[in-house]
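The values are calculated or read from the model by the stated rules, or taken from the named source; none is laboratory data. From a predicted model like this one, the values you see are computed outputs, not experimental measurements. For neighbour counting, all protein chains shown are included, and Cβ atoms are generated from backbone atoms with ideal geometry for every residue, glycine included. With ligands, DNA and RNA removed, areas are computed over all heavy atoms of the protein, side chains included. Shrake-Rupley method; radii C 1.70, N 1.55, O 1.52, S 1.80 Å.
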Amino acid sequence: MNDTTQAFNSKLPINRSTQRKYYMRAISVFMLAALFIFCFPPASSHAADAFTIERYHIDIKVRNDNSYQITEHITADFSEQRHGIVRIIPDRTNQAYTVDIRNIKANTTLSAEKTTEGLEIRLGDEDTLVEGTVSYKLSYIYDIGEDNLPDMDEFYFNLIGTEWDTTINNVSFDITMPSPFSAEKLNFTYGKEHSKKQPPLELSLTDTRISGTLTTQLHAYEGLTIALPLPQGYFDGELRSGYHRWLIIEPIVYFVFALIVLVVWLIVKLLNRHPSTVEFSAPEDINPADMAYIYTGEVSDRAVSALFLHWISLGYFRLDEVPASQTTDGKNSTWVFTLLPKQQRFSKSYERSLIDSVIRKRNKNEQIPLEKLGLVVSSIKKSVAEHWDSKLRDVTTQTGQRLATFLSILEIGVCIWASWWTTYHIFELWTAVIVGVIFGFVLWGFVVLGLSHSLVTHLSKARQKENDLLIMLGLSALILAILFYSVWNYSPPQRIWYIIFAVIAAMLSSSFSQNIRVYSDYGKKRLTQLDGFVNFMKTTQRDTIQGFNPNTFTENMPFAYALNLQKQWIKTFSALIDKHLDPIMAQQWKDYAIYYDNLHEDRFRYLEKEVYDSYRYAGSSRSSSGSSYSSSSSSSSGGYSGGGSGGGGGRSW
């Protein structure tokens, strides 16, 4: 065999062979695929090759810049014809930082390419087959650079990696350190990966040299590791940064994203500036459902229930409980609306239509069972939105929708970036891109969008299915656990903190973008009136009000319920009657306010539940028709086999 020498640099081209619920449904299709790929990443599997290694000697010259000049002498015995051997050298440290592998030389033809396992070096000629004993000499510089350990340096290296698929005999090594060191904590381990067994070694030590011979055979997938803790600053040369350039950029990307969200929030605040005033009652042409829509852009089940309560307070209906003995099942009591013979007056045509729809549901006793109101609830939500979105009175502009879309795109981009930069450390390039994009959408759909929506709904005390939040929390925990596990095992550990920051920022952005409202001039006018009214209900420190009427308590209560302000309104009302009525009358009104709230709180909860259930039932009927490190990842605890940097393994080809 000709003794030829070819040099390759490791930096070769890499050859890596509401409306939103509908988004979530689509994303869920990808979720199983992404989870499967994350949980079961492709692993190269090779049958035990027809060769053994009869001698494996490693010379390592450790430099003061934490780079190693390594020369490997491998004597292979082929029992079948092969082209040569494949040597796979990990291109990341045990802390997942990048390693620069360069100046690769061999005594035979070689080729190198970067794979998911590291740098794959093929020794041998594809046009030539060998058999019997063949000696290989492979040398390269393995530059770790900065080890990013906070309080120590170390030489923690896999002399023989745990990924060789054959037996290895006669292992020996010779290590030269750049300066004297303390061997007090020097430790060797061998065996399968994670083994902490002490190897039988014939060891020789000097101030700067470690030499030894392993007196036993290594079986397939067994390795030999050295762990030598060193004092901080032992490597005093110019250290290469172990950070990938994108790793440095990553936290900047997330910070800029959070900054953009803040800027958009400030822009919305600036665009929605309007005068402040005080209003002691709601505008005559606005009902509780209108108010909720103007504020939030949607008519929630709570707002619909408040509208029903508003009609009750106006005397159009009465909410009555039907005893169990009078119900169809004879087991459970129920609630019904009872139509009252009061003249109905409405400021909007859609209210007249809605009332007629309710009345048509009455039975022979002039009662309207709540479970029959599903289609009416749907009509209320649609009618309110159409009323305020018409060209005559459109309260918002398209700017809010554009900003919400812009933020959603950024959220998706951040999630894809976080996922792709994780998959980049696990898979080949195009596989990493595909899996990263899919998992990025899963992360956005379930954690950012789904969980943030469930949390906002829960915190706003809006009704949702009892298990919705728990299910979303469970799914989000599973997705994040898979992501964090992948980061911890395949990426620098501090990326976990980057991703936590990114996910929190994206969730805040999603919570904000779900309710972005940029008001038109007409909308600001109406908002000024409503803000004045809401501030009146929330502020207890008030002077006396000319012409104050205690009956405003019941008139305002449905509006308070719509925005979940009933407790604040009771406090404000109590403070007002103390200033306007004598103590006895004031106390009577306070007692009435508490009684009213206790009575209607239970009724309102039941009403909201019935609205929720009837609406969902009607809908289904229609459709059916830190930078800290664990002891196992550093040399301070003695390390374990395969736990250091370098090593890797190989096979024949």
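Rounded, prolate or oblate: pick one for region 175-252, where a ≥ b ≥ c are the square roots of the eigenvalues of its C-alpha gyration tensor, a/c under 1.5 means rounded, and failing that, prolate if a/b is larger than b/c, else oblate. Taking the square roots of the gyration eigenvalues as a ≥ b ≥ c, region 175-252 is oblate. Close amide H pairs (under 5 Å, H built 1.01 Å from N) link PHE51 with SER79, residues at least 5 positions away or on another chain.
Only Cα pairs under 8 Å and 6+ residues apart enter the sum, and on that basis the relative contact order of region 145-286 stands at 32 percent. What does the charge count around LEU228 come to, taking other residues whose C-beta lies under 12 Å from its C-beta (Lys +1, Arg +1, Asp -1, Glu -1)? Counting the neighbours of LEU228, the net charge comes to -2.
When the surface is traced with a 1.4 Å probe over the full set of protein chains, GLU193 keeps roughly 100 Å² accessible. Cross-link pairs exceeding 26 Å between alpha carbons, from the set LYS361/LYS571; LYS382/LYS524; LYS348/LYS381; LYS348/LYS590; LYS348/LYS525: LYS361/LYS571; LYS348/LYS590. Computed over region 46-86, relative contact order equals 44 percent, with contacts defined as Cα pairs under 8 Å that lie 6+ residues apart.
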